[in-house]
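The values are calculated or read from the model by the stated rules, or taken from the named source; none is laboratory data. Note that the structure is a prediction, hence the values are computed from the model and not measured. No Cβ is skipped: glycine too gets one built from the backbone with ideal geometry, and neighbour counts run over all protein chains shown. Ligands, DNA and RNA are stripped out before the accessible areas are found, and what is left, the full protein with its side chains, is counted by its heavy atoms. Shrake-Rupley method; radii C 1.70, N 1.55, O 1.52, S 1.80 Å.
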Amino acid sequence: MNVHYPGMSDGDGPDADGPPPPPFVREREARRRRRRWIVVGAVTAVLLFLVVPLLVGGAFLLSTGDEAAEAPADGSASDDPDGAPGDDQPGDDDDAADGTPGDGASEDDTARDDGGAAAGEDPGERPDREVPAEERVTAPDLAVLDADDTRIAELLLDIDASERVMLGYQLDTQEAFGGDVDPDDPAELLSAIEAAARAGLDDLEVLRGRLSTPQPGPAAEGVRDSYVLHLDSWVDYLSAIEDDPRIVLGDLTRYTVHINRTGNDFVRAVDTLRETDVDDAVGDYAQQIVDRGFSGPDTPQA
């Protein structure tokens, strides 16, 4: 039960009909009143802190809005309500006449796509790395394909070439390790690995430029996008080896994990492409590329 002191009502207030409350009760009441004032003061301070800046900011926005609504008297702004540029404004066709892209020029016309060759720039001849005959796949006959399938087939030809560059690096590295290497002086081994990485980087740079051409349809574009990321992961890998070939003697997981992940994304993109109405020969070519170089989840995928 609750404790009830003489002189206190059920509401804990002074009882007008009873004796005066004892000193400790009066002190408790005084503390309660002080706490109420402290709480009221704190709430008031918070409200002032929040409301005053809003009022000031609102007044500022209203004043600036009024100023912006006033048209300049010197005629510096256009009188066209649609904001169309006048004869001397940028964005006219005058730029097109002298070959300079205007404001309406697309990004493909003025900038590199994904770091590749600029539009209209020759990215270079497709490298043709020699690999064993059993590692080559059969490309479709471009002469019998329509325009869209031809573009996709050309993309796959560049991807095939890139895969052979990566495979070539692996073969060169295996050959270097299989040679007569003095365990006390691995300089010759490291030199051969560095040279293999450098040669691979040179060829991948050319192919990276060739892979900058957008593809017809989202499925083919997905193949291109995913493979560009895969190629870039290989560039990171080979660049690190070229900088310090000794890393091949240690743990390369930080590179191979990314290589395999982007490779798996490419495989999924090829599966999506084959579900479209792409020509059967083009779809089979893409699948051959996958079967050759993307079957090992625990090794760098070429």
How would you classify region 174-241 from its alpha-carbon gyration tensor, with a ≥ b ≥ c the square roots of the eigenvalues: rounded for a/c under 1.5, else prolate if a/b is greater than b/c, otherwise oblate? prolate
For a quick protection proxy, order the peptides 229-242, 144-157 by their average other-Cβ count within 10 Å, most packed first. 229-242, 144-157
Taking only protein heavy atoms and a 1.4 Å probe, the highest-to-lowest accessible-area order of Phe294, Phe177 is Phe177, Phe294
I'd like the Karplus ³J(HN,Hα) series for region 248-265: coefficients 6.51, -1.76, 1.60, θ = phi - 60°, whole numbers in Hz, and an x wherever there's a Gly or Pro. 5, 8, x, 8, 9, 4, 4, 9, 5, 4, 5, 4, 5, 5, 5, x, 5, 5
Going by average Cβ neighbours within 10 Å, how do the peptides 218-228, 246-256 rank, with the highest at the top? 218-228, 246-256
How much of the accessible area of region 227-270, in percent, comes from carbon and sulfur atoms when a 1.4 Å probe is used? 49 percent
In sequence order, what are the phi-derived ³J(HN,Hα) couplings for region 216-232 according to the Karplus relation 6.51 cos²θ - 1.76 cosθ + 1.60 with θ = phi - 60°, rounded to whole Hz, with x for glycine and proline? x, x, x, 5, 5, 5, x, 5, 5, 4, 5, 6, 4, 5, 5, 4, 4
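Rolling a 1.4 Å sphere over the protein heavy atoms, what is the accessible area per residue of region 181-302, to the nearest Å²?
I get 48 Å² per residue for region 181-302.
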Would you mind checking which residues have amide H under 5 Å from Ser212's amide H? H placed 1.01 Å from N; only 5 or more apart, or other chain. Ala117
